[in-house]
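The structure appears right after this line, and notes come after that.
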């Protein structure tokens, strides 16, 4: 899912015109991290709870270089592999299987839930607001310095 944040273009221009590019990148990463945290919280709350392994494995991270960064939300495979080590029947791509559906070992079709995409769409406005809010606050802090 790709989001276009309203007002972000002018804020990014302000960040780019800052004297210190290292600070601009730091502000950009901090804003993306806070925006993805809002979305991650919503996705965790919408996760189906059987044993709670899927809910516990949902994590976020920020990837990219310079001013071109991306927020990634999904299951932390390392946490899923730990649970799969004790339970050999549980796959490590359980988030994908619940999101898009699958055929169970007994041959029945498990329909897709679409919960991650639906929750991401629902929490997108709050996430966008948080990103813009953090950038504005950090720019104000830098202006005071």
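The values are calculated or read from the model by the stated rules, or taken from the named source; none is laboratory data. From a predicted model like this one, the values you see are computed outputs, not experimental measurements. Please note: Cβ atoms are built from the backbone with ideal geometry, for glycine as well, and neighbour counts cover all protein chains shown.
So which of 4, 61 is at pLDDT 85 or above, closer than 30 Å to residue 137 by Cα and not in a helix (DSSP H, G or I)?
That would be 61, the only listed residue that is at pLDDT 85 or above, closer than 30 Å to residue 137 by Cα and not in a helix (DSSP H, G or I).
Take the residues in the stretch 64-90 that are loosely packed, with under 11 Cβ neighbours inside 10 Å and either over 22 Å from residue 25 (Cβ atoms) or within 15 Å of the chain's Cα centre (by Cα) (or both), then tell me which one is modelled with the highest pLDDT.
78
Scan 105, 125, 111 and give me the residue that is within 15 Å of the chain's Cα centre (by Cα) and without any contact (Cβ under 8 Å) to a residue 40 or more places away in the chain.
Every option except 125 fails the conditions.
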